[in-house]
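Working notes, structure below.
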Amino acid sequence: MNYPVQGVSAIISIDRNREVPLHRQVYDGYRNAILGGKLRPGQIVPSSREFAADHGMSRFPVLHAYAQLLSEGYFESRAGSGTFIASSLPEPLMRARAGSQPTRRTIGGPRAISHRSALFPPVNLNRARPIWGAFGVHQPAFDQFPFRIWSTLVNRHSQNPSARVIHNVDPLGSRRFREAICQYLRSSRAVRCDPEQIMIVSGSQQALDITARVLLDPGDSVWVEEPGYRLGLSVFAAAGCRLVPVPVDHDGMNIATGMALKEDAKAAVVTPSHQYPMGWTMSAARRMQLLNWAQTSGSWIIEDDYDSEFRYESRPISSLQGMDANSRVIYMGTFSKVLFPSVRVGYLVIPADLVERFAAARFAMDIFPPYLYQEVLADFMTEGHFGAHVRKMRQIYGERQEALVDCIKCEFDTELKIHGSNAGMHVTVTLLEGCTDQEISALARKDGLSLFTLSQYCFTQPEMQGFVLGFGSTIPRDIREGVLKLRAAMDAARREK
């Protein structure tokens, strides 16, 4: 296929009614024709003057497009001969469909990927989007956040950034922010730390990823809570670790069972302050057993201080890390629930002798964390806004939690058992008999109610049946409406049995 110059010009379509500029239409037309195999390497193309005349347009857009195609290597210019499709372009390139997205059928050749990539659990991109309405989990009350104060602080640091912040490349993060976190953790969570032990991360997933890179090797066994938070544990599965589900009860992870299952596990991942999803608190006895096991076996404890800020029947529970006399605990927390998830800021408290190892892993991963929100949050905390917001939200969430529990007791009596109602931003209920949570959830979805099933958090059979009911972003009126929809879905499921 070797078109004459006039034929080449005819291949390129120009439409003056399109919003795309003329020079871009010329450029796209040639590029797509080359990639689609309609124009071949070494083929002559019309001069800019000829092309402009053929299409009844000014020469300037053509010159602009030709210059871009020359600079990108699609065209080549030969002195005294004219302009040609670059002879250096490989033939296989010409077989690709111009402007089309590759599909399973159009992609050819070997496409090897790592075995490790297959260890990541598949992600349903549609389900990854937040679920709004009653019972949405992990959703704070966005309308109660002091965005006016937040905006003022963001503007302060955006308009007048300091050179120290702009040029800082510390893999641990902003010193000011780490000092503010250190003071907060010491006073409210009884964490024993210095600013030099704190690393700022983008959230709990990155915290777990860095920790796994430093502490674990493929094949290592890791205790995980059963039921437990699957998304976080996918990090360890992808690291090639063997997950050992250890059952939890009202006292937290059962350490004796964990030792019977795999005494020499390399690490244990726990949420002692507010276990997810059941909401239970690890007892002092279990905490001491866990610390003793870690010290005796030379293992590590990864403490996720989930939902620790919001407790309604007592003061916040002190951290497990604060009880650790042997530096066996890696402590992690985030600001996603206290502020909003998209802030993507969390922290690790690292044993002093491991800080350099963690910093090296972080530097290899993404060098250092973004600084703008760190500086904003440092002011947000030191100026008292953070503490005031937590106190305000503790009262609001306490009222919503009470409203939800009262509605459940009123509508379900003994059909549902309530767990973990003394803290956090969700209540878990278990089904005592009847249909499965998946069956009820499917029927509730038809009525516009999205439910987080408890069975999805179980690793082994038999699965626990129930629901994780978030209330953080739901006002009492909507809470009651959601409970009534749950009642209707359960009744409908029974009728279908």
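The values are calculated or read from the model by the stated rules, or taken from the named source; none is laboratory data. Please read these numbers as outputs of a predicted model, since none were measured by experiment. Counting neighbours? That spans all protein chains shown, and the Cβs are built from the backbone with ideal geometry, glycine included.
Of all the criteria given as (1) surrounded by fewer than 23 Cβ atoms within 10 Å (Cβ to Cβ); (2) in contact with a Leu (Cβ under 9 Å, 6 or more places away or on another chain); (3) more than 16 Å from SER327 (Cα to Cα), the one not satisfied by GLY252 is (1). Would a scan of segment 417-431 turn up a residue that is farther than 25 Å from SER283 by Cβ and surrounded by fewer than 19 Cβ atoms within 10 Å (Cβ to Cβ)? No, segment 417-431 has no match at all.
Does at least one position in segment 290-303 carry a residue that is assigned to a loop (DSSP other than H, G, I, E, B) and out of contact with any Lys or Arg (no Cβ under 7 Å at 6 or more places or on another chain)? Looking through segment 290-303, at least one residue is assigned to a loop (DSSP other than H, G, I, E, B) and out of contact with any Lys or Arg (no Cβ under 7 Å at 6 or more places or on another chain). GLU411 meets all of the listed conditions (1) part of a helix (DSSP H, G or I); (2) within 28 Å of the chain's Cα centre (by Cα); (3) surrounded by fewer than 18 Cβ atoms within 10 Å (Cβ to Cβ) but one, namely (2).
To keep it simple, each residue is scored yes or no on (1) outside the structural domain of ILE11 (by TED's automatic domain parsing); (2) at pLDDT 95 or above; (3) of a type outside the set (Phe, Trp, Tyr).
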residue: GLY37; (1), (2), (3): no, no, yes
residue: SER47; (1), (2), (3): no, no, yes
residue: ALA53; (1), (2), (3): no, no, yes
residue: PHE60; (1), (2), (3): no, yes, no
residue: ALA65; (1), (2), (3): no, yes, yes
residue: PHE75; (1), (2), (3): no, yes, no
residue: SER81; (1), (2), (3): no, no, yes
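The single condition from (1) assigned to a helix (DSSP H, G or I); (2) crowded, with 20+ Cβ neighbours inside 10 Å that GLN456 fails is (2).
Here segment 15-44 is the region considered, the condition is being among the hydrophobic types (A, V, I, L, M, F, W, C) and over 22 Å from SER81 (Cβ atoms), and the residue that is surrounded by the fewest Cβ atoms within 10 Å (Cβ to Cβ) is VAL20.
Of all the criteria given as (1) in a helix (DSSP H, G or I); (2) more than 16 Å from SER188 (Cβ to Cβ), the one not satisfied by GLY322 is (2). When residues in segment 100-129 are screened for being modelled with pLDDT under 55 and either surrounded by 11 or more Cβ atoms within 10 Å (Cβ to Cβ) or assigned by TED's automatic domain parsing to the domain that holds LEU63 (or both), 2 of them pass. Taking the criterion of being crowded, with 18+ Cβ neighbours inside 10 Å and of a type outside the set (Val, Ile, Thr), the residues of segment 255-266 that qualify are GLY258, ALA265, LYS266. Condition first: farther than 18 Å from CYS435 by Cα and either part of a loop (DSSP other than H, G, I, E, B) or aromatic (Phe, Trp, Tyr) (or both). Now tell me which residues in segment 463-472 satisfy that. Across segment 463-472, the qualifying residues are PHE471, GLY472. Does PHE142 count as surrounded by fewer than 16 Cβ atoms within 10 Å (Cβ to Cβ) and among the aromatic types (Phe, Trp, Tyr)? Against the criterion (surrounded by fewer than 16 Cβ atoms within 10 Å (Cβ to Cβ) and among the aromatic types (Phe, Trp, Tyr)), PHE142 qualifies.
In segment 397-412, the residues that are closer than 23 Å to ASP307 by Cα reach residues that are surrounded by fewer than 20 Cβ atoms within 10 Å (Cβ to Cβ) and of a type in the set (Gly, Ala, Ser) with C-beta atoms within less than 8 angstrom, at least six apart or across chains, in these pairs: TYR397/ALA141; GLN401/SER421; VAL405/SER421.
Examine segment 153-164 for a residue that is touching a strand residue (DSSP E or B) at 6+ places or on another chain (Cβ under 7 Å), part of a helix (DSSP H, G or I) and surrounded by 13 or more Cβ atoms within 10 Å (Cβ to Cβ), and state whether such a residue exists. No: zero hits. If we keep just the residues of segment 473-482 that are part of a helix (DSSP H, G or I), within 29 Å of the chain's Cα centre (by Cα) and not acidic (Asp, Glu), which is surrounded by the most Cβ atoms within 10 Å (Cβ to Cβ)? Per the criteria, the residue is GLY482. Only one entry of LEU354, LEU348 meets the criterion of being outside any loop (DSSP other than H, G, I, E, B) and farther than 19 Å from ARG176 by Cα, and that entry is LEU354. Taken over segment 250-305, the criterion of being within 25 Å of SER336 (Cβ to Cβ) and polar (S, T, N, Q) is satisfied by THR271, SER273, GLN275, THR281.
For beta carbons closer than 9 Å, sequence separation of 6+ or different chains, a first residue in segment 112-123 that is touching a residue at least 12 places away in the same chain (Cβ under 8 Å) and a second that is in a loop (DSSP other than H, G, I, E, B) and surrounded by 10 or more Cβ atoms within 10 Å (Cβ to Cβ), the qualifying pairs are ARG116/PRO218; ARG116/ALA239; ARG116/GLY240; LEU119/ALA239; LEU119/GLY240.
Does PHE335 qualify as being at pLDDT below 95, surrounded by fewer than 23 Cβ atoms within 10 Å (Cβ to Cβ) and under 25 Å from PHE358 (Cα atoms)? Spelling it out, PHE335 is indeed at pLDDT below 95, surrounded by fewer than 23 Cβ atoms within 10 Å (Cβ to Cβ) and under 25 Å from PHE358 (Cα atoms).
Quickly run through segment 279-335 and pick out the residues that are within 29 Å of the chain's Cα centre (by Cα) and among the hydroxyl-bearing types (Ser, Thr, Tyr). If the condition is that a residue be within 29 Å of the chain's Cα centre (by Cα) and among the hydroxyl-bearing types (Ser, Thr, Tyr), then THR281, SER299, TYR306, SER308, TYR312, SER318, SER319, SER327, TYR331, THR334 are the ones that fit. Confirm whether LYS446 is more than 13 Å from LEU484 (Cα to Cα) and among the charged types (D, E, K, R). Yes: the conditions hold for LYS446. Across segment 9-51, the number of residues qualifying as of a type in the set (D, E, K, R) and outside any helix (DSSP H, G or I) comes to 6. Scan segment 80-91 and tell me whether some residue there is within 16 Å of SER13 (Cα to Cα) and assigned to a helix (DSSP H, G or I). Checking segment 80-91: not a single residue is within 16 Å of SER13 (Cα to Cα) and assigned to a helix (DSSP H, G or I).
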